1. Please identify, among LEU35, LEU48, LEU109, the residue showing maximal mean-square fluctuation in a Gaussian network model of the chain using a 10 angstrom Cα cutoff.
2. Amide H of VAL90 versus every other amide H placed in the peptide plane: which residues, excluding those fewer than 5 positions away on the same chain, fall under 5 Å?
3. Give the total of Lys-Lys pairs in the chain with Cα-Cα distances below 21 Å; include a pair only if its members are 8 or more places apart or on different chains.
4. From the phi of every residue in the stretch 21-27, what ³J(HN,Hα) in whole Hz does the Karplus formula 6.51 cos²θ - 1.76 cosθ + 1.60 yield, where θ is phi - 60° and glycine or proline is x?
5. Under the rule of -39500 (n - 2.57) per DSSP H run of 4 or more residues, summed and divided by the residues of the chain, what mean residue ellipticity at 222 nm is obtained, to the nearest 500 deg cm²/dmol?
6. Cα convex hull of the stretch 39-122: mean projected area in nm², to one decimal?
7. Determine, from the Cβ-Cβ distance of ILE67 and SER88 and an R0 of 35 Å, the FRET efficiency 1/(1 + (r/R0)^6), rounded to the nearest 0.05.
Amino acid sequence: MSKNILRKIPAILVMVAIFTLSALPAGQLPNAFDLNDKIKHFIAYFVLGISLCLWISSDKWRAKPVIRGMFVVLICAIFGISDEFHQSFVPGRSGNDLGDLTADFIGGLAAPFLYLLVLKATVFGRAPKP
């Protein structure tokens, strides 16, 4: 399998997981962690954001880090909006919740910042290979 395809798998799996969980009626949602709903949204979209960051090669991050980060945030925001819309059709789920969208956005926004900090400390700090 190509390295480019392997980069895409985590993001696709996270999107499928979010979509699957948001398709469950309110009474059937697993309560794996005793966390506030907004924190769960933040974590889900932070993980989505990190997986989208992994989709992009470190060379592309090095060339245009701000553009790449904005791309990740935009994809997370669009997916969050579509997820809230999707939830509006699920029994017992409200959908179109501004609080959920805000938590989704902040999670998606935090991901590229942390990713860039780690990338800068590890990959960007190394001397180029001869």
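The numbers here are math on the coordinates, done by the rules we state, and not lab data. It should be emphasised that the depicted structure is a prediction, and the values quoted were computed from it without experimental measurement. Virtual Cβ from ideal backbone geometry, glycine too; neighbours counted across all protein chains shown.
1. Top of the fluctuation ranking is LEU35.
2. Hits under the 5 Å cutoff: none.
3. 10
4. 5, 6, 7, 7, x, 3, x
5. Working: 5 runs with 93 residues, N = 130.
Rounded to the nearest 500, the figure is -24500 deg cm²/dmol.
6. Values: hull surface 21.4 nm².
Result: 5.3 nm².
7. Working: r = 32 Å, r/R0 = 0.92.
So the FRET efficiency works out to roughly 0.60.
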